[in-house]
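Visitor: Mind looking over this structure? Questions follow.
Computed from the coordinates by the stated procedures, all read-outs in this text should not be read as laboratory data. Note that the structure is predicted; figures quoted are calculated from it, not measured. Cβ placement follows ideal geometry from the backbone for every residue including glycine, while neighbour counts extend to all protein chains displayed.
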Amino acid sequence: MTAITFPEPPATKADLEEGTAFSPRFDSNGLVTAVVTDAGDGRLLMVAHMNAEALAKTLETGIAHYWSRSRGKLWKKGETSGNVQHVVEMLTDCDQDAIELRVNVAGDHATCHTGRRSCFYRRVMLRNGEVALIDDGSQALFDTEKTYAKDI
C-alpha cells in the first residue's frame, strides 16, 4: 500500500476553496476536526480529531480512525465495542480545516462511549436564568462496563 501524504495548503485562497487538491489544514497540534454523521439519516454522532496518520488510515481502509487526545494515540473507532464506523463519504469544508465523515456504524449502532447512538444526547437549556443540561432519554445500546472493562 502506498503511503498517503497530504500537500501543503495552496498559496491562494481561491485554490484552497475552489481547487481540486485535498490539502487539509492541520492545526498547531497537527489535528483537523472530524464531524461524524450517520450516512442514512444525517444524525450527528460525534466530533473527534484526526492527525495525518488517522486521516490516511481512514482513506486507505474505509474505516474511521481518529487521534485520541486524552490517550495520545491513534484510535480505530469501534475496535473495543465492535461499533466500527464504515465511511460512506468524506467531505471537507471550504478552507479544509474540518472533515465530515458520513458513516454506517456496525454492531449495535452505538457511537458514544456511554453506549448511546450519539454523543449528543443532552440539550443545553436556559431555565429560570440557569443553564441546565436536559437528557433526551436515549438509552445505552450496550453494557459499557462489560465492553470497556478490559480498557480499565
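Visitor: At 222 nm, what value in deg cm²/dmol follows for the chain if DSSP H runs of at least 4 each add -39500 (n - 2.57) and the sum is divided by all its residues, to the nearest 500?
Guide: So the helix-based figure for the chain works out to -3500 deg cm²/dmol.
Visitor: In degrees, nearest 10, range 0 to 90: what is the angle between the Cα axis of helix 52-61 and the longest Cα principal axis of the chain?
Guide: 80 degrees
Visitor: What residues have an amide H closer than 5 Å to that of residue 34, excluding those fewer than 5 places away on the same chain, when H is modeled at 1.01 Å from N in the peptide plane?
Guide: 48, 49, 50, 99
Visitor: If neighbour count is taken as other Cβ atoms inside 10 Å, put 47, 84, 32 in order from fewest to most.
Guide: 47, 84, 32
Visitor: Grab the beta carbon distance between residue 127 and residue 44, set R0 = 22 Å, and tell me the FRET efficiency rounded to 0.05.
Guide: 0.40
Visitor: Quick check: pseudo-label points 7 Å beyond the Cα along Cα→Cβ at residue 109 and residue 138, how many nm apart are they?
Guide: That separation, rounded to one decimal, is 1.1 nm.
Visitor: Follow-up question, since we're still on this one. At R0 = 30 Å, how high is the FRET efficiency between residue 27 and residue 79 if r is their beta carbon distance? Nearest 0.05 is fine.
Guide: Using R0 = 30 Å, I get an efficiency of 0.75.
Visitor: Run a plain Debye calculation on segment 13-151 (Cα atoms as equal point scatterers, no solvent) and give log10 I(q)/I(0) at q = 0.14, 0.21 Å⁻¹, rounded to two decimals, same order as the q list.
Guide: Relative scattering, expressed as log10 I(q)/I(0), comes to -0.72, -1.28.
Visitor: A further question on this structure: Step through the residues of segment 34-51 one at a time and calculate ³J(HN,Hα) from phi using the Karplus curve (6.51 cos²θ - 1.76 cosθ + 1.60, θ = phi - 60°), rounding each to whole Hz and writing x for Gly and Pro.
Guide: Residue by residue, segment 34-51 yields 10, 9, 10, 10, 6, 5, x, 10, x, 4, 5, 9, 6, 10, 9, 10, 10, 9 Hz.
Visitor: Going by amide H atoms built from the backbone, whose H comes under 5 Å of the H on residue 63, apart from near neighbours?
Guide: Those qualifying (amide H under 5 Å, at least 5 residues apart or on another chain) are 87.
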